[in-house]
């Protein structure tokens with residue numbers, strides 16, 4: 001569950017980044033219609049219908065200042081890709097969806113990774129891993 005000041009916008013970011021779908025009843029309303037769910041709590045599911053991420057609307061949320069500053073990262077998601085080609089493709093995709101690059105260790109020969117901030121300021125990592133266990137695979 002991620003606190004955020006715009007639950008719909010952050011849910012949309014992760015829906016597109018991770019290829020998830022809304023829990024039934026949490027889908028966006030028609031254009032111009034009120035969005036009461038988007039003002040409270042939204043859940044994203046995988047293709048099997050398993051809840052994966054939830055978003056809770058809060059009035060205020062100081063964005064993390066990690067890696068420096070007074071506000072710690074609070075949490076971060078680790079996302080993996082199987083190859084350097086996919087690593088580069090997901091980098092462009094994350095930036096195109098509104099992520100901000102915080103740290104670039106793409107030249108690390110043992111574990112290439114990049115750290116981003118999502119549109120609400122939560123850090124998340126994308127790194128190359130050749131295993132299926134552990135972090136979420138993109």
Original post:
For residue 85 and residue 5 in one chain, what is 0.36 nm times their gap in residues minus the Cα-Cα distance, to one decimal in nm?
Top reply: 25.4 nm
**OP:** Could you work out how far helix 84-97 tilts from the main Cα principal axis of the chain, as a 0 to 90 degree angle to the nearest 10?
**Re:** 30 degrees
Subject >> Principal-axis tilt of helix 7-18 within the chain, Cα atoms, nearest 10 degrees >> reply: 40 degrees
Original post:
PRE reach from residue 48 (point 7 Å along Cα→Cβ): which of the stretch 9-32 fall under 20 Å by backbone N?
Top reply: 15, 18-24
Original post:
With each label point set 7 Å from Cα along the Cα-Cβ vector, what nm distance links residue 97 and residue 59?
Top reply: 3.1 nm
Subject >> DSSP beta bridges in the chain [antiparallel fraction, %, rounded to 5] >> reply: 65 percent
Subject >> Gyration tensor verdict on the stretch 77-137 (Cα atoms; rounded if a/c is under 1.5, prolate if a/b is larger than b/c, oblate otherwise) >> reply: prolate
**OP:** Could you tell me whether the stretch 4-138 comes out rounded, prolate or oblate from its Cα gyration tensor? Rule is a ≥ b ≥ c as square roots of the eigenvalues, rounded for a/c under 1.5, then prolate if a/b exceeds b/c, otherwise oblate.
**Re:** oblate
**OP:** Sort the following peptides by mean Cβ neighbour count (other Cβ atoms within 10 Å, averaged over residues), highest first: 30-40, 56-66.
**Re:** 56-66, 30-40
Subject >> Label-reachable residues, the stretch 92-116, where backbone N falls under 11 Å from a point 7 Å from residue 16's Cα toward its Cβ >> reply: 93-99
Subject >> Gyration tensor verdict on the stretch 36-113 (Cα atoms; rounded if a/c is under 1.5, prolate if a/b is larger than b/c, oblate otherwise) >> reply: oblate
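Read-outs throughout are calculated quantities, based only on the coordinates presented, and are distinct from any laboratory measurement. Everything numeric here is computed off the predicted structure, so don't read it as measured data. Using ideal geometry, Cβ is built from the backbone for each residue, glycine included, and neighbour counts are taken over all protein chains shown.
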